[in-house]
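First the structure, in the form of structure tokens, and then the observations on it.
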Amino acid sequence: MEAPLTAACPRCSAKARLDAQNPWRPFCSERCKLIDLGNWLEGRYTLPAEEAPAPVSDSNKH
Ligand SMILES: [Zn+2]
């Protein structure tokens, strides 16, 4: 009995193989991987930049 290691695709929850036969793991398909990557690049998954210029007064200017 072969039971390939699988997990739910992070994008669509479809069963995705996690072995070498699935180049898009942990996603189920290239489409899901690209969608997820696109979201990541859009900053949806990134934390707000703490180094962003803030309108607060800074008395430690050089
Ligand atoms: Zn998927």
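The values are calculated or read from the model by the stated rules, or taken from the named source; none is laboratory data. Since the model is a prediction, treat every value here as computed from it, not as a measurement. Here the Cβ is made from the backbone with ideal geometry for all residues, glycine too, and neighbour counts use every protein chain on show. Ligands, DNA and RNA are excluded from the accessible area calculation, which covers all protein heavy atoms including side chains. Shrake-Rupley method; radii C 1.70, N 1.55, O 1.52, S 1.80 Å.
Residues in segment 39-52 that are modelled with pLDDT of 80 or more and open to solvent by 60 Å² or more (accessible area, probe 1.4 Å): Trp40, Leu41, Glu42.
Criterion applied to Ser13, Ser57 was being open to solvent by 60 Å² or more (accessible area, probe 1.4 Å) and modelled with pLDDT under 95, and the one residue passing it is Ser57.
Figure legend. Inter-residue proximity from segment 1-16: first residues at negative phi, second residues exposed (fewer than 14 other Cβ atoms within 10 Å of the Cβ) and among the acidic types (Asp, Glu), beta-carbon distance below 7 Å, spacing 6+ or different chains. Indicated pairs: Pro4/Asp19; Leu5/Asp19.
Residues that are part of a loop (DSSP other than H, G, I, E, B), open to solvent by less than 40 Å² (accessible area, probe 1.4 Å) and more than 9 Å from the ligand (Cβ to nearest atom) within segment 20-38 comprise just one, Asn22.
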